[in-house]
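Please read the structure below before turning to the comments.
The values are calculated or read from the model by the stated rules, or taken from the named source; none is laboratory data. The model shown is predicted, which means the values in this text are computed figures rather than measured ones. Heads up, the Cβs are rebuilt from the backbone with ideal geometry, glycines too, and the neighbour counts pull from every protein chain shown. Accessible surface is based on the protein model in full, side chains and every heavy atom, while ligands, DNA and RNA are left aside. Shrake-Rupley method; radii C 1.70, N 1.55, O 1.52, S 1.80 Å.
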Amino acid sequence: MKRKILRWIWKAMLWFFGLSILTVVLFKWLPIPFTPLMVTRIIEFKIDGNDAIYSHKWVPLEDISPNLQKAVIASEDGNFLKHNGFDFEAMQKAFKNNNKGKRLKGGSTISQQTAKNIFLWQGRSYVRKGLEAYFTVLIELIWGKERIMEVYLNSIEMGNGVYGAQEAARHWYSKTATNLTPREAAGIAAILPNPRKFKASNSSSYINRRKDKIMRVMRHVGKIEY
């Protein structure tokens, strides 16, 4: 009996590793039509008795302004182009500040956020964090930085029911993602900690201060070379 259970666990692990690697390989080339978070949000809308809001359009990275790429690096992950998926210094700072009762944005890298958004569920648990680390390693090895940025900017929540750079640009500024100015890009990046609460345009004083800070950091990001 014990041997059968161990054999079943071993087969299940082999299937998991095989399917997960195959999925990551396929998504290196294919647009990702939806994420677990998108499905979760639609269900939440329905449970609350509201019409589902879903706005998402995939575009290639060359159709997304470098201003937005710089803005999310400045806001979310300053070492994105340098690390291998994990920024241990930022994680250590986040851990220390959380222990002091403070919050520090930046514990999770863009690579980690992408792995979580595309392959996993929301919430916090050791199991999910372990799987997040596993998928982060996979996408860093198989996708590379340019593809990670492309997937990230096409998939993350950038407003209430708004996903990806193209729809965020249309929703907040009535333009395409290609034409985002530095200030507009900073506005989208500024709301990412809570895109359902904050507004990228007609923003609060708090978000406007975040925009100013992000724009200052953007000047030091320099030319993005993947």
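Counting only residues that are among the basic types (Lys, Arg) and more than 19 Å from the chain's Cα centre (by Cα), give me the helices (runs of 4 or more DSSP H) lying completely in the range 155-226 with at least 3 of them.
205-221
Please state which one of ALA115, ALA168 is closer than 20 Å to MET218 by Cα, surrounded by 17 or more Cβ atoms within 10 Å (Cβ to Cβ) and either modelled with pLDDT of 95 or more or out of contact with any helix residue (DSSP H, G or I) (no Cβ under 9 Å at 6 or more places or on another chain) (or both).
ALA168
Just one of SER55, SER65, SER20 is surrounded by 15 or more Cβ atoms within 10 Å (Cβ to Cβ), over 15 Å from the mean Cα position of the chain (by Cα) and at pLDDT 95 or above; which is it?
Criteria check complete, one pass: SER65.
Within the range 31-86, count every residue that is in a loop (DSSP other than H, G, I, E, B) and among the hydroxyl-bearing types (Ser, Thr, Tyr).
Of the residues in the range 31-86, 3 are in a loop (DSSP other than H, G, I, E, B) and among the hydroxyl-bearing types (Ser, Thr, Tyr).
Quick test for you: out of ALA186, ALA169, ALA133, ALA190, pick the one residue that is in contact with a Leu (Cβ under 6 Å, 6 or more places away or on another chain) and touching a residue at least 12 places away in the same chain (Cβ under 8 Å).
ALA169
Only one of (1) more than 21 Å from PRO36 (Cβ to Cβ); (2) more than 15 Å from the chain's Cα centre (by Cα); (3) open to solvent by 10 Å² or more (accessible area, probe 1.4 Å) is not met by TYR134, so which one is it?
Tallying (1) more than 21 Å from PRO36 (Cβ to Cβ); (2) more than 15 Å from the chain's Cα centre (by Cα); (3) open to solvent by 10 Å² or more (accessible area, probe 1.4 Å), TYR134 fails exactly one: (1).
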